[in-house]
1. Filter Lys37/Lys359; Lys443/Lys616; Lys443/Lys637; Lys463/Lys554 down to the pairs with a C-alpha to C-alpha distance above 21 Å, please.
2. Can you give the local net charge around Val587? Use residues other than it whose beta-carbon is closer than 11 angstrom to its beta-carbon, Lys and Arg +1, Asp and Glu -1.
3. List the GluC sites (Glu not before Pro) in region 578-676 that DSSP assigns to loop (not H, G, I, E or B) and whose Cβ has at most 13 other Cβ atoms within 10 Å. Which are they?
4. From largest accessible area down, sort Glu113, Glu470, Glu575; use a 1.4 Å probe on the protein chains.
5. Could you check the simple spin-label distance between Lys10 and Ser84, using points 7 Å along Cα→Cβ, in nm with one decimal?
6. For Cys179, what is the net charge nearby, where nearby means another residue's Cβ is under 10 Å from its Cβ and Lys, Arg count +1, Asp, Glu -1?
7. Evaluate the charge dipole of region 1-80 about its Cα centre and quote only its size in Debye, nearest 20, assuming +1 on the Cβ of each Lys and Arg and -1 on the Cβ of each Asp and Glu.
8. Within 11 Å, Cβ to Cβ, of Ala677, how many net charges do the neighbouring residues add up to if Lys/Arg are +1 and Asp/Glu are -1?
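The values are calculated or read from the model by the stated rules, or taken from the named source; none is laboratory data. Keep in mind it's a predicted model, so treat the numbers as computed, not measured. Glycine also receives a Cβ, built like all others from the backbone with ideal geometry; neighbour counts cover every protein chain displayed. Keep in mind that these areas ignore ligands, DNA and RNA; they rest on the heavy atoms of the full protein, side chains included. Shrake-Rupley method; radii C 1.70, N 1.55, O 1.52, S 1.80 Å.
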Amino acid sequence: MADPSSYRPKPGQIPDSPGVYRFRDDHRRVIYVGKAKSLRPRLSSYFQDLANLHPRTRTMVTTAASVEWTVVSTEVEALQLEYSWIKEYDPRFNVKYRDDKSYPYLAVTLNEEFPRVQVMRGAKKKGVRYFGPYGHAWAIRETVDLMLRVFPVRTCSAGVFKNAERTGRPCLLGYIGKCSAPCVGRVTADEHRELAEEFCDFMAGRTGAYIRRLERRMTDAAEEMEYERAGRLRDDIGALRRAMEKSAVVLADATDADLIAVAEDELEAAVQIFHVRGGRVRGQRGWVTDKVEEVDTAGLVEDALQQLYGEESGDSVPKEVLVPALPEDQVATDALSQWLSERRGSQVSLRVPQRGDKKDLMATVGRNARQSLVLHKTKRASDLTTRSRALEEIAQALGLDSVPLRIECFDISHLQGDDVVASMVVFEDGLARKSEYRRFQIKGFEGQDDVRSMHEVIGRRFKRYLAEKERTGEWTEENEGSTALGENGENGENADDAADDTTGQIPAAPGENGHAGPFGPSSLKEDDGRPKRFAYPPQLVVVDGGRPQVAAAKRAMDELGIDDVAVCGLAKRLEEVWLPDDDDPVVLPRSSEGLYLLQRVRDEAHRFAITYQRAKRAKRIRTSPLDDVPGLGETRKQALIKHFGSVKKLRQATIEQICEVPGLGRKTAESVAVALAGTAPAAPAVNTATGEIMEDDGGSTHD
């Protein structure tokens, strides 16, 4: 626990201007991001007597080890920078709303030549029009089924569409009139797109004019005694009315608005959002959050607005946003309204409803928020109790001084000694922390040796940890010895490992995008506050295996001087827990929550390792001798294969024949010929059912 006075800025050092500030812990990880219209009084408020601080604020300032800030011109800029930093650093003490479910949307893929109507979840994609969110996917399918009668837009997958194009036969929906069948040319691409846009207009709330137009066409058909067409139009109108009835009218003036309500207690808060379009509720969603910082209702609303609209633009931000509370400072309210208006591209009204239908609807949203909080607390109480019991059982069984809040598990995967890889998964407080999963390629030797592989991986992981401690000044050779670095001063990881994690991203170069703060220069690579690959030690290391793997892990840690991290192994056969230097395993009861948690951790490590191993194997199998030709990109490789039909026939071609391929010069053709001449042709593939020797199909395997 740090003393806030140890890192308190000197008097007069903090500017009296708008800005955004970051608190960091002793690992340089950003733990809190905040903004202020005046940095000096805001930051000074954190360094008063600890007894006067809110308990959560007190925990934050004693966890932190430093504070820094960035000055901006306006409160709108501060709002934008705060949002981007919260999204980038994921600080543990900021309010972070999490969906209580993954909500489905009705999506129209206007970015395709033939737009498709479908159910979508997850991140929104550019060029796709979204409606919702809906409570259940079946509600979307019911609505779409009714509307396809009037708007027969394509709903099939790309594979089904291409198959129909190839065979010249539409799918069942095409035969029964619920698809216009653009796959077989019944309508042109422009006609189909017009249908999709009419579908979008109807879903966006422009319903009255379209239904009146259909009613006029029905009346005209009846007057002309075309009763069959009039009957179809009558049924179409009925289908549209049934679709509209699924979303009741709540605001008579056809308002487009989002209504946000908050329910909270001392520890948690729930937010409910109703999306009203054309006066009808078109979607609903809910968020919950832990109140890890001292924040009032207006602050919760502000955080909700940031997370709800931070990635949105255009019509996705409504003309009107109704909330239960606004900041007391009018300048802050104006900044929020201006930020929303910039995202929409036109004026957005942000206000608290005072009377009438909108106030009544806000009360309904509030009731939903309160119910959501009650349900969440009921579930969470059970989850927290179970996880706490599991961690306590593990600590007791392994003789640990405290419960292992961070557990790391390692597993080795290979296929008969080829493509040997390892995984590291992380569980914090009994929950998977997938952003900190890591994967390794075994580099120290060739062949199959799980024990040696485990020794290498554990060594590499903790060499990186010690290197991070040395870099941040937590560790020095004077107080730890020289075991933090590998031979010849290397830190145990080379450049290839930069892409061995789950993201595959290479860190920025030192000093890139760096800036000078009040405590000296920093850079995004060295000092960005984002979780480092191996910066934080676990309380418990679990290895997938028995005594040999545990001994190898312990030996690797002993060689580095790591003596404050517990190690155990979980053997698959009898689910026994092995400890270093113990002749007998620890046997946890089969009904033990602790054993169940260890099994989940071990199984997750195995899944992550085998997924990576299969991906590497598939990539190796897909390689071609053309991959090594300098200057030959994917497009020209495909052109070569298309021209000659296969790598086998390309290998037999002369340089002059290769030059005939459009876009290939003589120099590249010579490089292709040399590369193919230096690789031996693969043995011919044989169809085991017929005995037929099969031709090379274009380099999908090693040649």
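1. On the way: Lys37/Lys359 31 Å; Lys443/Lys616 14 Å; Lys443/Lys637 31 Å; Lys463/Lys554 14 Å.
Beyond 21 Å between Cα atoms: Lys37/Lys359; Lys443/Lys637.
2. Values: positive: Arg590; negative: Glu575, Glu576, Asp584.
Local charge sum for Val587: -2.
3. Taking region 578-676 and a limit of 13 other Cβ atoms within 10 Å, the loop GluC sites (Glu not before Pro) found are Glu660.
4. Glu113, Glu470, Glu575
5. 3.1 nm
6. Once all neighbours under 10 Å are counted, the net charge is +3.
7. On the way: 12 positive and 8 negative charges, 14 e Å.
It comes to approximately 60 debye.
8. Working: positive: Arg651; negative: Glu670.
Once all neighbours under 11 Å are counted, the net charge is 0.
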